[in-house]
Amino acid sequence: MTKIMVSTPVKSIMTIFIFLLIIPLSNIILYSNNDKSILVFSKVVNQTDDSGFSELYNLSNNKNDSVYGQIQSIDKNNLSLVWQDSNFKTQASNLQDRNYDIFFKNVNLGNISSGETINISNNSGFSEHPHISSSGNNVYLTWVDNSNGHKQVFLRTSDNGGKTFGESHLLSNDYVNASNVDVYSNDKHVFVVWQQTNSTHSSVALRVSDNLGKSFGSEKILSDYSRDSYPKVFADEHNVYVSWNVDANNRFHPRVIQEQEGLTGNKPGIYFIKSEDLGKSFSGPVRFDYEDSFANGKSQVSAFDNYVYVTWVQRDSVNKLGNLFTAKSSDGGQNFTTDQIPISEDQILDAANLDTFAYQDKLFTSFEGSLIEPGFNNSEGTEPTFNKEIFQFMRDYDQTGEYTIYNLSLNSGISECPSITINAVDNIVSVSWEDYTPGNHEIFMRSINY
């Protein structure tokens, strides 16, 4: 999970009294959505235009398989990048001949080839799915690794802006397989969530540090009824927000809990919980499921002061195409309304991976979607062609008018897995993604002035 970059404190310190409330689905109101979106393509990079696109940056720029990049803004000319990259054992392209490690680099956009690349995991196992968060000069990196014979969650920290890192810390237990880790930092607190599975249970777990990641409290189980969830965490002052998915076709049914299958906790959907005491205790879960049709999907959670957003991709069991939804709250997550993001009128189909960030009353969203390629003429009776692209848009909390969806990638290769970061000082939103256009996966990035 990325964090905003600001030069001075811009947020008011607020004490928020929130009743712990489980919101039934009947109380989640759907907005009447009359707004229209405008699709703008990234080939227009002339800075005299209103589009405000930066040039396209290749941040990894190697011949390996560079995937799952995550970025963090430092200032308008610099950012931090963590990604998963293949170290080839042989010259063969077979995946079995590769060893993936986690790499970190502070990137100067004026000279990308400069700066040191650090191998964070640096072991014989398979290291995957890194995430980054930072508070001041403290940088926190998490990933999953199977060097010890099963998947485990690791963390490394830096107290000098990523110049050097301390030793790896194991956060998950030895008796589970862990995956899908996420991290967020808030002042001296660090929050790490992940999915874990053993022979009888599949859970969403959380550990919290209150001393800049030097040590962590005991593991807290947030959910004990789903596998293949992708938990996400966000913190704002004393409030901690966590969301995760429960997919219809991936629910975990050990015999010891089969009798509970009819309970709310086993229903497919996006789940959300909140804490007002830095993760010591949590409210009961809220479940989001548009028109009770959720088959599978992924979520992101983000907040700024009293504004809380849970954004997700939802696929149903009929057409299996992903649509975008946002549940938004202006009272600290006490009450929500849902908003479907209209993307099909721009010929964007099947939304997939996404990332979000809230700043003031705005929500910045980047997502992966399949685009009907420009120039297709439906009247000619031909089948449309599609390509996965990376899109970004910004919406105010109460926005009902026109807004712009930017196509950041617009190329012939498959573009996927976006990461978003905000530079509020210079009004810049940056999005990175993995792209196969060069013939191997690279981490690309483009920025927009907002």
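The values are calculated or read from the model by the stated rules, or taken from the named source; none is laboratory data. Everything numeric in this text was worked out from a predicted model, so none of it was measured. When we count neighbours, we look across all protein chains shown, and the Cβ atoms used for this are built from the backbone with ideal geometry, even at glycine. Heads up: the accessible areas ignore ligands, DNA and RNA and are worked out on the full protein's heavy atoms, side chains in. Shrake-Rupley method; radii C 1.70, N 1.55, O 1.52, S 1.80 Å.
I need the full set of residues from the stretch 54-78 which are modelled with pLDDT of 95 or more, under 17 Å from residue 408 (Cα atoms) and hydrophobic (A, V, I, L, M, F, W, C), in order please. Answer for the stretch 54-78, where residues must be modelled with pLDDT of 95 or more, under 17 Å from residue 408 (Cα atoms) and hydrophobic (A, V, I, L, M, F, W, C): 59, 71. Taken together, the criteria place residue 327 among residues that are part of a strand (DSSP E or B) and modelled with pLDDT of 85 or more. Mind checking which residues of the stretch 124-166 are touching a residue at least 12 places away in the same chain (Cβ under 8 Å), more than 19 Å from residue 105 (Cβ to Cβ) and not in a strand (DSSP E or B)? Correct list: 124, 125, 126, 146, 147, 148, 150, 151. Evaluation of residue 218 against the conditions (1) at pLDDT below 95; (2) surrounded by fewer than 18 Cβ atoms within 10 Å (Cβ to Cβ); (3) not in a helix (DSSP H, G or I) shows that the sole unmet condition is (1). Taking the stretch 343-374 as the range and being part of a loop (DSSP other than H, G, I, E, B) and either touching an Asp or Glu at 6+ places or on another chain (Cβ under 7 Å) or under 26 Å from residue 435 (Cβ atoms) (or both) as the test, the residues that pass are 343, 347, 350, 351, 352, 353, 361, 373, 374. Give me the residue from the stretch 174-199 that is open to solvent by 10 Å² or more (accessible area, probe 1.4 Å) and charged (D, E, K, R) and, out of that set, modelled with the highest pLDDT. The extreme case among them is 188. For residue 121, the requirement of being open to solvent by 10 Å² or more (accessible area, probe 1.4 Å), touching a strand residue (DSSP E or B) at 6+ places or on another chain (Cβ under 6 Å), at pLDDT 95 or above and not acidic (Asp, Glu) is met. Consider the stretch 51-69 and keep the residues that are out of contact with any Asp or Glu (no Cβ under 9 Å at 6 or more places or on another chain) and in a strand (DSSP E or B). The one that is surrounded by the most Cβ atoms within 10 Å (Cβ to Cβ) is 53. Picking from residues in the stretch 341-391 that are among the aromatic types (Phe, Trp, Tyr) and modelled with pLDDT of 90 or more, the one that is farthest from residue 296 (Cα to Cα) is 359.
Screening residue 140 against (1) open to solvent by 50 Å² or more (accessible area, probe 1.4 Å); (2) at pLDDT 95 or above leaves a single unmet condition, (1).
Out of the stretch 296-321, which residues are at pLDDT 90 or above and surrounded by fewer than 20 Cβ atoms within 10 Å (Cβ to Cβ)? Hits for the stretch 296-321 are 296, 305, 306.
For (1) over 21 Å from residue 130 (Cβ atoms); (2) buried (at least 21 other Cβ atoms within 10 Å of the Cβ); (3) among the hydrophobic types (A, V, I, L, M, F, W, C), each residue gets a yes or a no:
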residue: 399; (1), (2), (3): yes, no, no
residue: 404; (1), (2), (3): yes, no, no
residue: 413; (1), (2), (3): yes, no, no
residue: 420; (1), (2), (3): no, yes, yes
residue: 426; (1), (2), (3): yes, no, no
residue: 432; (1), (2), (3): no, yes, no
residue: 435; (1), (2), (3): no, yes, no
residue: 446; (1), (2), (3): no, yes, no
